[in-house]
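K.L.:
Questions regarding the structure given below will be posed in turn.
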Amino acid sequence: LERSPSADRQTLADVLDHLAPRGATNVGAALQEAALVALNTNQSPGRECQVILISDGAPVVGNQLAASMRGLLDEMTRDGARLEVVDVGGSPSGDAGLAQIAALAGGNPLVIDSAEAMSVELTELLSGRSPVLAQRASLNVTFNPKAVRAYRLLGHEATTLGGMRAASTQSTLTAGQAATAVYEVWLYPNDEAHVADVEVTWHSPEDDREH
């Protein structure tokens with residue numbers, strides 16, 4: 001899909017809906033087609049063009065294919081385009097064929113193990129900046145023992161029914177993400193209105209300053 005802005009989400013979705021895997025892993029043909037599009041569209045001064053190869057594995061790159069790719073990548077580099085290789089094969093050590101292709105471009109493949117990680121990495125690749133907005137974000141809830149008889153944190157990491165100690169959870173949050181904590185609470189039958197204190201802290205990714 002050429003010259004379509006990222007804001008045109010419906011057009012992008014329609015194109016993706018009609019794609020289907022077929023044939024063998026022909027990385028050479030794929031890169032050639034992508035490079036031609038990149039070279040033909042990277043005409044604006046100061047505009048950076050990136051080609052991103054996303055694959056779950058590639059055959060071993062032979063000498064002939066390596067030479068052809070090297071020439072193609074050299075031409076892309078001269079025109080200001082860059083190649084990034086993303087490995088979604090699921091192997092912790094990555095795919096050897098994709099590592100060879102990334103090496104031809106002077107880099108290493110990004111090994112991705114989840115859709116969330118894919119979103120984070122692609123955002124950083126395409127925008128040039130990290131999408132992480134908050135590191136070590138921590139939610140601390142301290143229940144008032146005069147109002148709360150018992151509580152538990154619900155969810156897949158639920159705690160046992162416990163006392164009045166503060167419950168805490170930490171995570172890294174990127175742009176567009178949200179975190180939710182759901183508690184089950186048993187209240188005393190009295191007039192105490194102050195149920196809990198909630199504190200959220202996080203660290204800036206730029207300078208590690210706490211907020």
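K.L.:
Within region 105-120, how many residues turn out to be more than 18 Å from LEU173 (Cα to Cα), crowded, with 17+ Cβ neighbours inside 10 Å and either among the β-branched types (Val, Ile, Thr) or at pLDDT below 85 (or both)?
P.N.:
2
K.L.:
To continue, here is another question. In region 121-145, what residues are assigned to a strand (DSSP E or B), out of contact with any helix residue (DSSP H, G or I) (no Cβ under 8 Å at 6 or more places or on another chain) and either of a type in the set (S, T, N, Q) or surrounded by 15 or more Cβ atoms within 10 Å (Cβ to Cβ) (or both)?
P.N.:
Selection gives LEU133, ALA134, GLN135, ALA137, SER138, LEU139, ASN140, VAL141, THR142, PHE143.
K.L.:
OK, next. Failed condition for VAL51, given (1) at pLDDT 85 or above; (2) open to solvent by 40 Å² or more (accessible area, probe 1.4 Å); (3) of a type in the set (A, V, I, L, M, F, W, C), with all others met?
P.N.:
Going through (1) at pLDDT 85 or above; (2) open to solvent by 40 Å² or more (accessible area, probe 1.4 Å); (3) of a type in the set (A, V, I, L, M, F, W, C) one by one, VAL51 breaks only (2).
K.L.:
Moving on. With the checklist (1) part of a helix (DSSP H, G or I); (2) surrounded by fewer than 19 Cβ atoms within 10 Å (Cβ to Cβ); (3) at pLDDT 85 or above in hand, flag the one item ALA102 doesn't pass.
P.N.:
Tallying (1) part of a helix (DSSP H, G or I); (2) surrounded by fewer than 19 Cβ atoms within 10 Å (Cβ to Cβ); (3) at pLDDT 85 or above, ALA102 fails exactly one: (2).
The values are calculated or read from the model by the stated rules, or taken from the named source; none is laboratory data. Please read these numbers as outputs of a predicted model, since none were measured by experiment. Because the Cβ atoms are built from the backbone with ideal geometry, glycine has one as well, and the counts that use them run over all protein chains shown. SASA here: full protein model, heavy atoms, side chains in, ligands and nucleic acids out. Shrake-Rupley method; radii C 1.70, N 1.55, O 1.52, S 1.80 Å.
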